[in-house]
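*Asks:* This is the structure I want to talk about, given as structure tokens.
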Amino acid sequence: MKNKAFSFYTGVFLISALVMALQILQSRLFSVTSWYHLSFLVISMAMFGLTLGALKIYRGDEEEQRRDFGLIAIKYSMGFGFFIIVALIVQLYVPIISSEVIQTLITLPINALASGIAYYYAGIVITVSLTRAPFPIGKTYGVDLIGAGLGCLAALLLMETIDTPSAIILLAGAAFLAAMAFPVESDASKDVRLGIKHYNLKKLAVIFITGSIGIGTINALLPKPFFYPLWSKDAFIKRSSIDYEGWNSISRVTVMNEETREPFLWGPSPLLPEGQKFPVKALIIDGDAETPITKFDGDYSKHKYLEYDVTNIAYYLPNLKKAAIIGVGGGRDLLSAKYFGVDEVTAIDVNPVQIHLLRDHLEYREYANLYELPGVTLLNEEARSWFRQNTEKLDIVQMSLIDTWAATGAGAFALSENGLYTTEAWEIFMDDLSDNGVFTLSRWSASVRDDSARSLSVAMSTLFNQGVEDASKYIALFSSEFLATLVISKSPFTPEQIAALENAANEKQYKIVLLPGTNPPDGLISELINAKSIKDIKEISERQFFDITPSTDMRPFFFNQAPLTKPWKVAKLAISGHENMHHVNLGQVKATFNLYLIIIFAAIMVGFVIIRPLLKTVKDKTSPFVMAGTLYFILIGLGFMFMEISLLQALGLFLGHPIYGLSVVLFSLIVSAGIGSFISDKMPLATLPRQILWCLLVFGYGLAMSHILPYIFHEYAESGIISRVLVSIAVMSPVGLLMGFGFPTGLMLTERFDRRATAWFWGINGAAGVLGSSLAIAFNITFGIDNTLIIAGACYALLSVAFIVFYIIGKNRVI
């Protein structure tokens, strides 16, 4: 029996670990094949599949399931492994999002269904193990939670070691290995009602284990893996066009084959000399954000074209000795700084692959030839953390296009948080400037209305927060074609600085949009530069269709300007477009429209696949018991997801990348919620006063976090990544522990009255969780993370209504 118990717990541990690891790895892959915000779709589909799997067990023959639990676990563990591979193939070779709405309506469900089926099989294994196996449920649940928690860490380790497709193939092999672990009773081993005998299943599992691990290992070791994303951001990628490929936990970086082409300029001057061509290799991040690695032999005279890019206009200012570059990319901004004679340049990037290529990779280091230049330092750091630790004053800080035209135009980051474009971040950057130092930012612009308006909004709010009364004396704005460069000064611009910028703009024929001493153009930019407070800026934004309010750490969605509160107009523009709308704005509209589609698709799936079939199992749908139970499980499903997604997006910003937030939040939440569930068994919420107190504690935590998180961000911004991870765990653990009481308490109360309704309540909770993940993103964007945390807490506060109804029912014994 001891050997069987060990084998059983091993199988449970592996399946639970694989479920969590798969969610994180699929999120990373979705970030490459589609947009970052769609990685949260994985959480919805995991919830959906796991819920359906649980309901299959609850609606099955309990006696048969108890007898054949081992065979069921083996069979569906193998199905889990098989559909991990199927989902991977679909994600690699079927474009999830298209620029065409009709194609998206076809491919999005295909990708979602492929992922959901794998989690459905895993849900069956986990549920049959927890509820039908003859082993103590407490121990089984504990092993389940330990496995899930360690699965989060295993995913990070795999992503830092090998490419994501290879890692997912190895996960499939581990699922087949889990099938081998589950024990089978001797009498059940002769039962063939499940379609195949257990020893034949295990023989098949050995074949799949060998194949999966072998293929995954070979794919990981190849310089150019044969399993790779064929489609990325609706673009078809040929394997032969890729010269280098590197994966890690925050990105997939590819370097394309060398091309000889005209100089790569973000915002070229009309006077750019023609005929020059240079060898370059395009460095592409997550399939879309492109930056050039220019071949440089040390001869600056060959790169005079750098004088003709509006992103470099700030380098015409006098007395620039020390610079910091945020976002190394392929080294273009670093080359520009050295070209213009800056003595010391520190280039910072959160992505270790890009630093590795320019600093450590022999071929690319020699190709770019930047690391050997005097005064150059390349650092793999999170920018905000580095600036908080920096003690030297800088004359210029440059942040140019931490994405590309294609990415912005397609809405790639429109629903993603970004910690580099908030007022709090810019205050940190400005604090490190010398007295006459400048912070320069370049963003896409169409007639200076797109990102430029929001950039100006953030800049002015930053200055207002620092006590500046007339921001117009500190800001200059120049444009060329579809790009605008904003220059923000630590002090009011001096006459010498104004003359230098004006001369450079006139010489290169850039458009002077804003410059102290000149009149701004009529329209939105003029309204903004004349604002006297953040309140004025918000009032100006309210009069626009697109949202240009300043992004903050609690609403860090700089790239989202298409409002979620105007669905009909957004839908009309996304489907039919508008002749006067620029590509950038249209991309943001489509990103918002895609979020609508995800919410609608999730609602349809939930309605037809979960709620409609389960309604037949509930006899008296209007009884106080059913209504109170339904309200209870809807609220804990929504509240849990609102809290999880809000903290996930907030801590992703704090830690430097969404994937860190995903891993740390899931790990912390699973472990702490598991501990809470264990405690609820020893200290149940058995009385109404305890239940009301618990509701108020969760509400109070959500309310407190909405006010405390900005303080935490500020106080620990300069800490290293390990310290910030520990702080994040400390933030998550108390609320996870409290929320861990919710589900077991609900089951305890409902089963006390009518166990027949358990399947309905389980399903309605899963349905709320599926919808809650998408709604949480919408709420965070619209209302801010801080307000969504309050909404999450309010969901738990409203549980007091259900508790009161249960209390009355218990006293009257009315069901």
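*Asks:* Checking Leu157 against (1) modelled with pLDDT of 85 or more; (2) open to solvent by 10 Å² or more (accessible area, probe 1.4 Å); (3) among the hydrophobic types (A, V, I, L, M, F, W, C); (4) within 18 Å of Ala46 (Cα to Cα), which test does it fail?
*Replies:* Evaluating Leu157 over (1) modelled with pLDDT of 85 or more; (2) open to solvent by 10 Å² or more (accessible area, probe 1.4 Å); (3) among the hydrophobic types (A, V, I, L, M, F, W, C); (4) within 18 Å of Ala46 (Cα to Cα) leaves (4) as the failure.
*Asks:* For the condition touching a Cys at 6+ places or on another chain (Cβ under 9 Å), buried (at least 24 other Cβ atoms within 10 Å of the Cβ) and modelled with pLDDT of 85 or more, what is the one hit in Ala73, Ala17?
*Replies:* Ala17
*Asks:* Condition first: open to solvent by 30 Å² or more (accessible area, probe 1.4 Å) and closer than 27 Å to Ser541 by Cα. Now tell me which residues in the range 776-815 satisfy that.
*Replies:* Correct list: Phe779, Thr782, Phe783, Asp786, Asn787, Ile790, Ile791.
*Asks:* Checking the conditions here, which among Ala133, Ala112 is touching a helix residue (DSSP H, G or I) at 6+ places or on another chain (Cβ under 9 Å), farther than 24 Å from Ile213 by Cα and not in a helix (DSSP H, G or I)?
*Replies:* From the options Ala133, Ala112, the qualifying one is Ala133.
*Asks:* Step by step: first the residues of the range 253-273, then only those that are open to solvent by 40 Å² or more (accessible area, probe 1.4 Å) and closer than 21 Å to Ile313 by Cβ, then the one that is nearest to the chain's Cα centre (by Cα). Which residue is that?
*Replies:* Per the criteria, the residue is Phe264.
*Asks:* Can you name the residue in the range 286-304 that is in contact with a strand residue (DSSP E or B) (Cβ under 8 Å, 6 or more places away or on another chain) and open to solvent by less than 10 Å² (accessible area, probe 1.4 Å) and is also nearest to Phe236 (Cα to Cα) among such residues?
*Replies:* Checking each candidate, the answer is Asp286.
*Asks:* Mind counting the residues in the range 325-353 that are open to solvent by less than 20 Å² (accessible area, probe 1.4 Å) and in contact with a Leu (Cβ under 7 Å, 6 or more places away or on another chain)?
*Replies:* 13
*Asks:* Shifting gears a bit: Within the range 465-489, track down each residue that is open to solvent by 10 Å² or more (accessible area, probe 1.4 Å), over 30 Å from the mean Cα position of the chain (by Cα) and within 25 Å of Arg543 (Cβ to Cβ).
*Replies:* Once the filter is applied, which keeps residues that are open to solvent by 10 Å² or more (accessible area, probe 1.4 Å), over 30 Å from the mean Cα position of the chain (by Cα) and within 25 Å of Arg543 (Cβ to Cβ), the range 465-489 yields Val468, Glu469, Asp470, Ser472, Tyr474, Ser479.
*Asks:* Follow-up. Residue check, Phe699 against (1) surrounded by 24 or more Cβ atoms within 10 Å (Cβ to Cβ); (2) within 25 Å of Phe625 (Cβ to Cβ); (3) within 27 Å of the chain's Cα centre (by Cα); (4) not hydroxyl-bearing (Ser, Thr, Tyr), all met but one. Which one?
*Replies:* Unmet condition: (1).
*Asks:* Let me ask something else about it. Mind counting the residues in the range 347-382 that are within 24 Å of Ser719 (Cα to Cα) and either out of contact with any helix residue (DSSP H, G or I) (no Cβ under 8 Å at 6 or more places or on another chain) or free of Cβ contacts under 8 Å to residues at least 40 places away in the same chain (or both)?
*Replies:* Adding up the residues that qualify gives 13.
*Asks:* List the pairs whose first member sits in the range 528-545 and is without any contact (Cβ under 8 Å) to a residue 60 or more places away in the chain and closer than 13 Å to Ser461 by Cα, whose second member is open to solvent by less than 90 Å² (accessible area, probe 1.4 Å) and polar (S, T, N, Q), and whose Cβ atoms are under 8 Å apart, counting only residues at least 6 apart or on separate chains?
*Replies:* The qualifying pairs are Asn530/Ser472; Lys538/Thr549.
*Asks:* Taking the range 34-49 only, how many residues are over 16 Å from Ile670 (Cβ atoms) and modelled with pLDDT of 80 or more?
*Replies:* Total satisfying the criteria: 3.
*Asks:* Scanning for something surrounded by 23 or more Cβ atoms within 10 Å (Cβ to Cβ), part of a helix (DSSP H, G or I) and touching a Lys or Arg at 6+ places or on another chain (Cβ under 8 Å), does the range 84-105 turn up at least one residue?
*Replies:* no
The values are calculated or read from the model by the stated rules, or taken from the named source; none is laboratory data. Being a predicted model, the structure only gives us computed values, none of them experimental. Every residue, glycine as well, gets a Cβ built from its backbone with ideal geometry; the counts of neighbours run over all protein chains shown. When the accessible area is computed, the model is the full protein with side chains, heavy atoms only, and any ligands, DNA or RNA have been set aside. Shrake-Rupley method; radii C 1.70, N 1.55, O 1.52, S 1.80 Å.
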